[in-house]
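The values are calculated or read from the model by the stated rules, or taken from the named source; none is laboratory data. Given the structure is predicted, the values throughout are model-derived calculations rather than measurements. Ideal geometry is used to build each Cβ from the backbone, glycine not excepted, and the neighbour counts take in all protein chains shown. Ligands, DNA and RNA are excluded from the accessible area calculation, which covers all protein heavy atoms including side chains. Shrake-Rupley method; radii C 1.70, N 1.55, O 1.52, S 1.80 Å.
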Amino acid sequence: METLVLQALSGLASASSLFLVASGLTVIFGVSRIVNFAHGSFYMLGAYLAWTLVTSLPRGHLGFWGGVIGAALGVGLVGLVVEVLLLRRIYRAPELFQLLATFGVVLIVQDLALLAWGAQDLLGPRAPGLRGSTGILGMRFPDYELFLIVVGPVVLGLLLLLFHRTRWGTLVRAATADREMAAALGVNQRLLFTSVFVLGSLLAGLGGALQVPRESVNLHMDLSIIVQAFVVVVVGGLGSLTGAALAALLIGELHAFGILVLPKITLVLVFLVMAVVLVLRPHGLLGRPQDRAQPATGGAEPVIGPAPRPLLRLGAAALLAAVVLPPFAGDYALSVLTEIAILILFAASLHLIMGPGGMASFGHAAYFGMGAYGAALAAKWLAAPMELGLAVAPLAAGLFGLVFGWFCVRLSGVYSAMLTLAFAQITWSVAFQWVELTGGDNGILGVWPAAWATPKLVYYYLTLTLCIGATLLLRRVIHAPFGYALRAQRDSALRAEAIGIDAFRTRWLAFALAAVMAGLAGGLFAYAKGSVFPTFLDIPRSVDALLMVLLGGVQTLSGPIIGAIAYTGLQEQLVRLTDLWRLLLGGVIVALVLFFPQGLAGAARARWETRHGDA
Amino acid sequence: MATLEAEALRKSFGGIEAVRGVSFAVQPGEMLALIGPNGAGKSTCFNMLNGQLRPDAGRVRLAGRDITGLAPRQVWRLGVGRTFQVTATFGSMTVLENVQMALLSHHRRLGGLWTPVRRMDRAPAEALLARLGMAEQAGRPCGILAYGDLKRVELAVALANDPRLLLMDEPTAGMAPPERAALMALTASLARERNIAVLFTEHDMDVVFSHASRVLVLDRGTLIAEGAPAEVRANPRVRQVYLGSGAMQGGY
Amino acid sequence: MLRVTGLSAHYGRAHILDGVALEVGPGEVVVLLGRNGAGKSTTLKAIMGLVPPSAGSLRFLGREIAGREPFEIARLGLGYVPEERRIFHDLTVMENLEVGRRPAPAGMRPWTPERLFALFPGLGALRDRPGGRMSGGEQQMLTIARTLMGNPRLILLDEPSEGLAPVVVERMAEALRALKADGLSILLSEQNLHFARQVGDRATIIEKGRIRWSGAIPELMAAEAVREQYLSV
């Protein structure tokens, strides 16, 4: 009994910390509709800044609390800079582009933090006056945790007062509902948005700063918190403060008790809850459907036509080079080329659902990984040969695509994207925690190609044939009635239904088809590497796919191909050139978003069209 | 037999009754106009007829078959074409492709994964566009089309279904007067020629009184008049709530 | 007070406004007449900076306002009441008014909620009612009241009589006449000629984005040919 009470209290403390971060995220989303990936980075910066301030200021109350407040304000300032320099310019850009831009900020902050604070974990001092513990039911509970339990509700109360009892809050709520109308009434919404973003960043910084006495400060804090904060915000309902508080409570307690009851599936639990909530309530606990949503793109999506002749020639030349040159390439180059071919298919498969489908997926790695694990498990447990393994890979991924997709394609926008993430994290957790089957973190080794395909050059040609073939098949599908139906439901669901198109079924099948293709890519990847690991299905790989598609341009068919080549090439080169590749890559991404909002292929297409007049 | 019968349709939103017991029928080849002030429930009525809204009570019958509660795509399969008050077309496709999609759907060939759309149902789509005077626009993307042209694309899409019933929500809004007359004359001749029943809402009384064979007047969710255009025009109640008379005469 | 010359706007490649010129003097009510899609709403939006004008000059109180942000234009004393009303649904009547509140220019008696409730008697009883739970007529009153809270010198009214029951239209006309008596200038777009007659001093007819006719209301009532051609009786 006593243990349970203490466990519940520690759950409350985590919930409180989580709420601080999530509240900032949800406030920012509510007003600007931006899904701010960099929010976790602000949290991490808050922790680092607080560590520096607290350890360098004189000890005592003033030094500590001054340091915490100073860190929060400092992060608010960083938020100001990010908003003014970057976000302000892209409020009208498509949602995913904003996400990409904030992800660029994540990369930049990671390297800057590395430069400033180094790679080792930093331990901060404990809070003065709260070092002790209090007896509760005969057991000791840390005072600092009790303090945190109080902070959450206090912040919630203050925020609710701010939004409902001040003129600023009224203006923010008005601008959230209808930016243009608020502007026509004389509200400087640009200033308003900046102030909201600063407030949100400040809350993230405060959340991070308050963690210093609790845990070590390190470079992984950003991604680990952002995923949890996303879950809280989505479960609570985007933009709802009270919802975020409820969700934080739910997740915090779930964590606390999950460890006691089901230690085996702790990693999965949170995402299972999110999946269940979203299936039952498509807009989260307290969220509402977003009426009068701003159009995702400035104008209509462009028409897809047959490829222009020069592009066909260029593609043919590239393909010819890909066939003729490799015999002269070394083993390393062959590995890179093999990987590029695989990633082209991976990106093209995601493009099918993002471009023509108009859906977002943050968890496409699930199907890539499922293909890889499908092949590897078949090899390990059934001693299946490569040929069979390569058949199992797309089938396994496609099957899961059918099941997961059935849930995901019912939702819309960010909710749908977050559900794809949840399913991806569930599969990742299974791969990670079901050690008996999957080998856990050690992965599955010895997934070798058949004897005839063992030479690197042969395997390269096999990969090239399958990947380019599959990519061309996807292209064919996009030009066929099914692909048109997919675009039709994206352009106008109303019109699509009115002419007999079953939008749900179309999206669902497209999702499954994309999963099949990603699975094939994953299977080929497994045999290329000779092993599979849980990282194959982890978030960074999903992000890779997103980046490739967005870099290339969602609206063009050649986009994912160009994006895959550019991204792999860029990363390869940057890693080789400098240790600060994240900083550079982040900078490049931010620059691309600002200057090539249609992606590389999109920009090329726009140039082509202005030069030749459009069709 | 009537092509469409609405029987005692009712619908409320959040406690407010938008449509309260509306019944009428549309005969083959007939142009039936549904008019009334804004907020009278015209669009709600329309949306219940093709399945976009489920009525709280009442029945909708298409050629005698009960279609109440069917989804819009099922209603389309039974031969109903629809145009929207705010046009809905596929902006990333050309005019021709929009019509091709409707034809492909009508022929149940939308599942195809191999043959490119540009080689399918092209000739009939072109013929249909030519009939509507849109041949020159065939290659233009719908995303950049003028509003009046979009209305025509919607009509072409609806006709591609070889419909027995056309539902047109403000078909001529945003068009110049001569265009309006031409479009409605064309619609009327197609309706006669193919024995299509047409139900339309309209704010332009010129269009209504020169092209409708019969007129229904809706006010606050109830039908207050029904009959030939001349009768309706002379109806004092209609003049009072909609057409206007004396003190607050509306329109021009 | 407001002088618009050569105002043009495009949507994609389509011309929606083509060299629109009009003028509103102090205390004057000018009615912009035309059919659906003629360019009435776009003209008002372009003046307000909500639709970017591609050419032309917009002078308000002697200052050029073309190319400025909507909020700046609003702060100069130009109020805008949209056709779709666009009440903030989650905000109460009082909060809606609060969003519109701006300091009054020197020498002007500032609008207060109480003064507005006297002008629109229906609103006073609904202070804490969320905007989303009001009838169309009440919303139309609120949207005008909200704009007046900014103490504008001139208001742009987009089809205020649209979709309202005749008796509500009567009340609206009365309120507008009271505002005019108070010295407010009004540019309103209308399709309802009778309403226009009741409140307007001058009329300007727009058709396909161009001004076709301008003159005093009595002249328009006398010029049957003009009404027939552009307003299709």
>> Given a Förster distance of 22 Å, report the FRET efficiency between residue B:119 and residue A:319 from their Cβ-Cβ distance, rounded to the nearest 0.05.
In response: 0.35
> Can you give me the Cα centroid spacing of the stretch A:108-140 and the stretch C:164-233 in angstrom?
Replying inline: 70 Å
> In the protein assembly as shown, what percent of the accessible surface is made up of carbon and sulfur (1.4 Å probe, ligands and nucleic acids excluded)?
Replying inline: 61 percent
>> Tell me the net charge near residue A:410. Cut-off is 14 Å between Cβ atoms, residue A:410 excluded, with +1 for each Lys or Arg and -1 for each Asp or Glu.
In response: +2
> Among all the aspartates and glutamates, which ones have a C-alpha under 14 Å from residue C:40's C-alpha, if same-chain residues fewer than 8 places away are not counted?
Replying inline: C:18, C:83, C:84, C:158, C:159, C:162, C:190, C:207
>> 7 Å from Cα along Cα→Cβ at both residue A:280 and residue A:591: what's the point-to-point distance in nm?
In response: 5.0 nm
> Roughly what % of DSSP beta bridges within the protein assembly as shown run antiparallel, to the nearest 5?
Replying inline: 60 percent
>> Please compute, for peptide B:70-83, the average count of beta-carbon atoms on other protein chains lying within 10 Å of each residue's beta-carbon.
In response: 3
> Which shape class, rounded, prolate or oblate, goes with the stretch C:107-180 when its Cα gyration tensor gives a ≥ b ≥ c as root eigenvalues, a/c under 1.5 marks rounded, and past that a/b bigger than b/c marks prolate?
Replying inline: oblate
> Which of the pairs B:151/C:208; A:380/A:529; A:264/A:380; A:380/A:456; B:11/B:42 have their Cα atoms more than 20 Å apart in this structure?
Replying inline: A:264/A:380; A:380/A:456
> Quick one: Cα centre-to-centre distance for the stretch A:224-280 and the stretch B:37-58, in angstrom?
Replying inline: 41 Å
> How large is the charge dipole for the protein assembly as shown, taken about the Cα centre, if only the Cβ atoms of Lys, Arg (+1) and Asp, Glu (-1) carry charge, to the nearest 20 debye?
Replying inline: 640 debye
> Gain in length, residue A:383 to residue A:504, computed as 0.36 nm per residue apart minus the alpha-carbon separation, to one decimal in nm?
Replying inline: 39.7 nm
>> Can you give the FRET efficiency to the nearest 0.05 for residue A:116 and residue A:154, using r as the Cβ-Cβ distance and R₀ = 45 Å?
In response: 0.90
> Relative to the present Cα-Cα distance, how much length would full extension add between residue A:168 and residue A:133 at 0.36 nm per residue of separation?
Replying inline: 8.6 nm
> Measuring from label point to label point, each 7 Å out along Cα→Cβ, what is the residue B:127 to residue A:91 span in nm?
Replying inline: 5.3 nm
> Using a simple spin-label model with points 7 Å from Cα along the Cα→Cβ vector, what separation in nm is obtained for residue C:223 and residue C:69?
Replying inline: 4.1 nm
> Considering only A:439, A:159, A:543, whose Cα is most displaced toward the positive end of the charge dipole of the protein assembly as shown, charges sitting on Cβ of Lys, Arg (+1) and Asp, Glu (-1)?
Replying inline: A:543
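What's the average, rounded to a whole number, of partner chain beta-carbon atoms within 10 Å of each residue's beta-carbon in B:92-103?
Numbers: counts 14, 8, 3, 0, 0, 6, 6, 0, 2, 10, 6, 1.
Rounded to a whole number, the mean comes out at 5.
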> How large is ³J(HN,Hα), in whole Hz, for each residue of the stretch C:187-192 in order, when computed from phi with the Karplus curve 6.51 cos²θ - 1.76 cosθ + 1.60 and θ = phi - 60°, using x for Gly and Pro?
Replying inline: 10, 10, 9, 8, 10, 8
>> Taking 0.36 nm per residue of sequence separation and subtracting the Cα-Cα distance, how much length would be gained by fully extending the chain between residue C:133 and residue C:5, in nm to one decimal?
In response: 42.0 nm
>> Suppose R0 equals 60 Å. What FRET efficiency, 1/(1 + (r/R0)^6) with r the Cβ-Cβ distance, do residue B:136 and residue C:104 give to the nearest 0.05?
In response: 0.60
> What does the helix-only formula give at 222 nm for chain C: each DSSP H stretch with n ≥ 4 adding -39500 (n - 2.57), the total divided by the residues, and the result rounded to the nearest 500 deg cm²/dmol?
Replying inline: -9500 deg cm²/dmol
> Counting only the backbone N, which residues of the stretch C:119-154 are under 19 Å from the spot 7 Å out from the Cα of residue B:13 toward its beta-carbon?
Replying inline: C:130-143
>> Quick check: the distance between the Cα centres of the stretch B:176-231 and the stretch A:552-615, to the nearest angstrom?
In response: 53 Å
> Mind checking the log10 I(q)/I(0) for the protein assembly as shown at q = 0.07, 0.10 Å⁻¹? Debye, one equal scatterer per Cα, no solvent, two decimals.
Replying inline: -0.75, -1.39
>> Quick check for me: using +1 on Lys/Arg Cβ and -1 on Asp/Glu Cβ, what's the dipole size of chain A about its Cα centre, in debye to the nearest 20?
In response: 1080 debye
